[in-house]
Amino acid sequence: MRIGAFSDKYGVGKDTIRFYMKLELLNPEKKGGQYIFCERDEETLKEILKLKKLEFTLKEISVIALHRTLGKLTSCCDREPFIKKLDEIKEKIEGLREISKELEEELEKKKDIRLGKESGINILYLGMIKCINCGKNLEILSGRVEENQIIDGELRCSCGKGYKISRGILVINKQSSSEEMTEEVMGEYLKETNEEFKKSLYQQLDCLVKKYKKIDKKNKIILDLGSGFGFFFREIVDKLKSEDVYIAIDHKIDRLRFLKNIMDKKEKKNIIYICSDFTEIPLAEETVDVVVDAWGSSGYRIGGNNDLLKKINNLIKKDAELLGAYMVTDKAGEGTGLSQEIVKNLNIEASRSELLSLDYKLEENYFEPRVVDSKHENFINKGSKIAGYVVYGKRWS
């Protein structure tokens, strides 16, 4: 039969058959300019396909074919390649068993099992929470308290201002996203955001986590401005010391609930969740040892507000440390696809100047502009380019 019929009969492409001919595994006769495949060629192809199924390489198959033909009816070299291949397969199976075991262990770690009760606002930390109107202490007016933590209730100032605690989150003011924040939404963000931008976020986050190791203060209070998806928080939560207090701030209540639901499944840490605008954080003056601004203020900067850190500087200790990651442009902003207004507001020099004006000595890293293509970053036009600016800052009292 001709190559077309031969190919169709065994479901093997013509190019593959020609390749086998080039390797001299198949040697059909040529008649009138056409290759004619006989019954012997069919048996050879069947043997090739069988050996490929047994994971022999074409080079190994070629050796086997030669030995079987030239050593026919003898045991010469016929068993050796099969013994060797069997040993290889057994070794591979053992390796796969080890991989399977490790995968099962990883899945066991990731089981959605609640390790503790729902967390709340620890009564011990009420002293650092102040009224945003008059700066006075707050008292518990009512609430559900479990293990010294307020899960639901209300705090009240002597000036009459009240503050609600809902599911362990202190609510000053709140916004809701267009869709409820869940792990599924987090998964959609990762799937729908372009690889180039995700790589940029990964590089910046990796750099930021490494800079966190520079902070060696004990009993530190960490303020996270705009915790959002919790990219940074989720990376370092296991590195928090038992005496540390982490304050997660976001003005979107659903993001904080998403983050809190994740953290409530972990070993208990000292975490305070506050839903508020950055300019209405209910903390006492000079409370914070470490400021984390992992893209949190970038949204403010896009709107032209480049002095957020100045506005909250009264909450920060004189010898504070800063970890920052910012979306930035260079001065010209050429080729970014961004409007001139956004280029101006995200100017890297403006970000650097604000930090220096607050007396931070900076260790800086710059990440080249990357294309952004994500419906979740809706403040940036599709196809625009944004650079990254990561800093560790330290100041002395």
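The values are calculated or read from the model by the stated rules, or taken from the named source; none is laboratory data. Every value quoted in this text rests on a predicted model; they were computed, and no experiment measured them. Please note: Cβ atoms are built from the backbone with ideal geometry, for glycine as well, and neighbour counts cover all protein chains shown.
Residues in the range 12-46 that are loosely packed, with under 13 Cβ neighbours inside 10 Å and either over 22 Å from Ile64 (Cβ atoms) or not assigned by TED's automatic domain parsing to the domain that holds His67 (or both): Gly13, Lys14, Asp15, Glu29, Lys30, Lys31, Gly32, Gly33, Gln34. The single condition among (1) more than 30 Å from Lys265 (Cβ to Cβ); (2) at pLDDT 85 or above; (3) surrounded by 10 or more Cβ atoms within 10 Å (Cβ to Cβ) that Lys53 does not satisfy is (3).
Of all residues in the range 254-271, those satisfying the criterion of being surrounded by fewer than 19 Cβ atoms within 10 Å (Cβ to Cβ) and either at pLDDT below 85 or closer than 14 Å to Glu235 by Cα (or both) are Ile262, Lys265, Lys266, Glu267, Lys268, Lys269.
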